[in-house]
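Shown next, in structure tokens, is the structure this report addresses.
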Amino acid sequence: MLIKMIPEIGHFALVIALLMAIVQAVMPLLGAATRRPLWMAYGYPMATGQFLFVAIAYLCLTTSYMLDDFSVANVANNSNSLLPWYYKFSAVWGNHEGSVLLWSLMLAGWGYAASVFSKELPRDMVARVQSVMGMVCVGFLLFILMTSNPFERLLPNMPADGADLNPLLQDFGLIVHPPMLYMGYVGFSVVFAFAIAALLGGRLDAAWTRWARPWTNIAWAFLTVGIALGSWWAYYELGWGGWWFWDPVENASLLPWLTGTALVHSLAVTEKRGSFKSWTVLLAIATFSLSLLGTFLVRSGVLTSVHAFANDPFRGFFILMLLAITVTLSLLVFALRAPRVSHKVGFNWLSRDSLLLINNVLLVIMTVTVLLGTVYPLILDSLGLGKISVGPPYFNALFVPLTVVMCIFMGLGPLARWKSMSGKELWRKLWLAGAASLALGIAMPLVYGREWNLWVALGIISALWIVLSMVRDLFDKTRHASSFVAGLRKLSLSYWGMVLGHLGVAVTIVGVAVVSNYNIERNVRMSPGTTVEVAGYQFTMTELTNRRGPNFLADTSIIQVQRGEEGRSFVMRPEKRLYLATGMPMTQVALRPGFFRDLYVAMGEDLGDGSYAMRVQYKPFVRWLWLGGLLMAFGGLLAVIDKRYRRVSVRQPETARAQPAQEAPV
């Protein structure tokens, strides 16, 4: 009997979580405003309870999937009795309702973590952070209960079997990509909460940025990994061989990443120098708002994309209103409070401060560029002014030059001093790195053995400039130590995080430049006995076979691959699958990965007479794209574990904690 009530238990748990979120949103804020410790103390138990009950709801939905409870509409529409258990587990978030529930679980989890790891902070600050997190949770729990109930029943007319999970989603990428991406999206809510709490409490000082920096770096690292995994998934799953398509939904994840990158740097300046306070707060608001915008684009039905979830205008309207309320109230608080707690910190035009400011401006311009290219067609369409398509030519024409300019300042920044520096000193440090980058960048495309290409040379020059500048900075920081190793040991983890982050950018730029310009692709007709040569490799189809999977039938092509006349041979097996429940065909790509190149074979349509359309590709340095993303993410996580972020920078007596020194709390 209890098993049959699992969906009702999950729904009831969401209602309780909503009530606790409302208490969390109201009581701590009132307690901070009236200096009542008991009211402020409501935040921690409510955050804990909310996380617990949302977790119960999520566990109930997962159990319904694993038990094939097709009386639940969400399970019936997105699962099947033949679906392997691991895809049933990931199918929970492979649809709109389940993904929003996962989002809410992560949001509650971030709120709980912020409460647990902020106990040493001033009590009033923690109370305001918990209250803002509670407000955000109220919005999403209302969204679930009012528009996206994952526990809706089909009784009494339940189907005998489910409609099955979309074959595009029956892949390992679904298991890892959405959770990572959502962790990044939702993680920025904590930084947003700290920014609003700092404004309300009049505490826009270096202390709050030190408290917020670890949360920013963690969220940014998760989002970086999520975007890299999404690129990798699209690369091998869709059969096109591309790694980024400037799809509107892909852009939706890039937007908060760009402003989040600017926020990471802005927080560092605010903590170190006390400047960029307004920049930092506005970037925190913008990053979380762009996360909400991405949610709206994916779930409103305004986009047609393989990544989009929903096609329900009411859901889109609800998220749009949530976004409007968040942006309006945040900017109102900023307008009222920021001028009263800010002060100016001077610096010269040639300093680390100014270079970081320029980089942030460039990142914001890049964000606006992508945002306009993404939403402008939607605005025209909604106003009845016609349909237009903004594709890669627009984005590449604007984004690539901005990236090159940004790389120039990335190389200058680490070697510049705070506040002021002479041009002669900076030139003395960097002229050799600049000359070496230019010479090697021009020569490397020729050494690689391909036709010289301007864009490849420019990409390598930019990457080498970043790397060699970091090498010079390491030399400057270690040359006075007793030994090079001893000097390296004295460097902080946050510094090494910065080094890895910049190295990751350089590696990604090399991958983008080389694979975009030196990729070789051939679309051919192949049948058993046919041989095709691509980039010195011979691809020979030896036979066609059939096999049955757990829920699909597959035509498999056996491809014998050999390099040159005497090179080592190996076999690749691309497939064309037909999923039984939906009748949907899918391409299963065959990959031969390598550090410097991938071999990529995709099996297309049956052309008759035992022949198939085949796409054979040679993709140099493509793995560097994702390696760079992992290096960036690891750099962000490395900075988080720096020991200076595990202690409170400002300790105040208990009586002072309820009253910030700057001015009365709100």
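Laboratory data are not the source of any read-out in this text; all were calculated from the coordinates shown. This one's a predicted model, so the numbers in the text were calculated from it and none came from an experiment. In this analysis, Cβ positions are derived from the backbone assuming ideal geometry, glycine residues included, and neighbour counts consider all displayed protein chains.
Kirkwood analysis of the Cα pair distances in the range 497-632 returns a hydrodynamic radius of 16.4 Å. When 96, 11 are arranged by Cβ crowding within 10 Å, least crowded first, meaning fewest neighbours, the order is 11, 96. Panel order for 609, 68, by other beta carbons found within 10 Å of each beta carbon, from fewest to most: 609, 68. Loop-located trypsin sites (Lys or Arg not before Pro) in the range 107-190 (DSSP state not H, G, I, E or B) with no more than 11 neighbouring Cβ atoms inside 10 Å: 119. The Cα center of the range 53-123 and the Cα center of the range 1-38 differ in position by 17 Å.
For the chain, averaging the sequence separation of C-alpha pairs within contact (under 8 Å, six or more residues apart) and dividing by the residue count gives a relative contact order of 13 percent.
A straight Cα-to-Cα reach below 29 Å connects residue 419 with the lysines 272, 277, 344, 429, 477, 490, 643, residues fewer than 8 places away in its own chain not being considered. By the count of other C-beta atoms within 10 Å, a proxy for reagent exposure, 505, 368, 186 are ordered fewest to most as 368, 505, 186.
Within the chain, the longest run free of GluC sites (Glu not before Pro) that sit in a DSSP loop with at most 10 other Cβ atoms within 10 Å is 1-450. Across all C-alpha atoms in the range 1-137, the radius of gyration and Dmax reach 17.4, 58 Å.
In Å, what Kirkwood hydrodynamic radius results for the range 402-515 from the alpha-carbon pair distances?
Over the range 402-515, the inverse of the mean reciprocal pair distance is 15.1 Å.
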